[in-house]
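These notes are about the structure you will find just below.
Read-outs: derived from the displayed coordinates by stated rules, not from any lab. As the structure is a computational prediction, the values presented were derived from the model and not from experiment. Using ideal geometry, Cβ is built from the backbone for each residue, glycine included, and neighbour counts are taken over all protein chains shown.
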Amino acid sequence: MTSIGGAASSGMVDWNLAVATATRLMRPGPDVSRDEARAVVAELRRHAKASEEHVRGFTRLGTAETHDTPVLVVDRPGWVRANVAGFRELLKPLLDKMQERRGTGPGNMVLGAVGGKVTGVELGMLLSFLASRVLGQYETFAPATRDLPAGANGAGRLLLVAPNIVHVERELDVEPHDFRLWVTLHEETHRTQFTAVPWLRDHLEGEIQSFLAETDVDPMTVLERVREAAQSLAGGRPEGEEGDEGRSLVELVQTPAQREVLGRLTAVMSLLEGHADFVMDGVGPQVVPSVAEIREKFQQRRAKGASRLDMALRKLLGLDAKLRQYRDGERFVRAVVEEVGMDGFNRVWTSPNTLPTKAEIAKPADWITRVHRKPEA
């Protein structure tokens, strides 16, 4: 197993143990022959290349020269390794701060017992759940590793998870070639968003770091919040306490300042996901003959989840909120394009100030008024 960095086993998280745990616990992929697997990988690479032109033509964003990030077709363990590398990079400032507090804070004894290995196992369990569900991902914060190249200056990489794509196309009983192109159109839109809008990555990273900077780094406080959140979500709230029903674990451990940042992040993610869905549906009829069938079946799968356990985990992790982001963001993009056209919509990429707020995602007309307001006569 490739080591994730030089000192992966030290500090607050044992990153190598996270990879090992996820790899051990993840579900096996679909049964395919070696030749079939090679054919799937080759086809996904062809579709990714073709999708570049389709997405650029439809969105009017970027040029061939802006697409300088690699496209990687990976298996489930490869997806885990890539994400652990990204997590480690993104969370480093917070974990360094917590490490400094570890020696003198009141939770020193607790963290000494729990340690990075338990945290690594917990992260690995989470990743094992997600590893069989992600079809593709534009990994925005992607440090290059020995077996996972990235764009220049941390510019990112596009991951396509081949076994998951094959699993879902079989589960939905849709035309495989059409489904693979349909998926790559969505993921290529994310790649185009970040490569054609140079400030977007730094803005998103700044918001995430602002969120993490507001985290209460006292270990006992963090553990207490997680305990209370778990009790709430499990229905074990002490009698008489109310107000947190229906909220995810992520939401329950936030400070008020973090909720403000999360509101802005939610708006950005709704925009990005909704835009990708809008593009996928806009390009689809031209190049994916069975797009209507695929879309209908995939939406049904998104909405219902695979099982009661799957639905409970989605709620715990806040993944149901991500489903709302697809829906609400797509409505926003569609409404704006219908009103002011694609070029008018693309003013959203001008600067952080032209990004929609969370309220504007729900009311596109307010964004149009703010960004496209005409001077009074």
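By how many nm would the segment from Ala365 to Ala50 grow when fully extended, if each residue of separation counts as 0.36 nm and the alpha-carbon distance is taken off? Don't skip to the end; give the middle numbers.
On the way: separation 315, 0.36 × 315 = 113.40 nm, distance 3.42 nm.
Gain on stretching Ala365 to Ala50: 110.0 nm.
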Per-residue ³J(HN,Hα) for region 50-57, Karplus 6.51 cos²θ - 1.76 cosθ + 1.60, θ = phi - 60°, Hz, x for Gly and Pro: 5, 5, 3, 5, 4, 5, 4, x
So how far apart, in nm, are the two label points at Glu171 and Arg373 if each is 7 Å from Cα heading toward Cβ? 4.6
Full-stretch length increase - Lys92, Glu214 - with 0.36 nm per residue and alpha-carbon distance subtracted: 42.5 nm
Structure shown: which of Lys92/Lys117; Lys92/Lys297; Lys49/Lys297 lie over 28 Å apart, alpha-carbon to alpha-carbon? Lys92/Lys297
Contour minus Cα-Cα span, Met342 to Arg24, at 0.36 nm per residue, comes to 109.9 nm
Amide H to amide H under 5 Å from Leu72: which residues, 5+ apart in sequence or cross-chain, H placed 1.01 Å off N in plane? Leu158, Leu159, Leu160
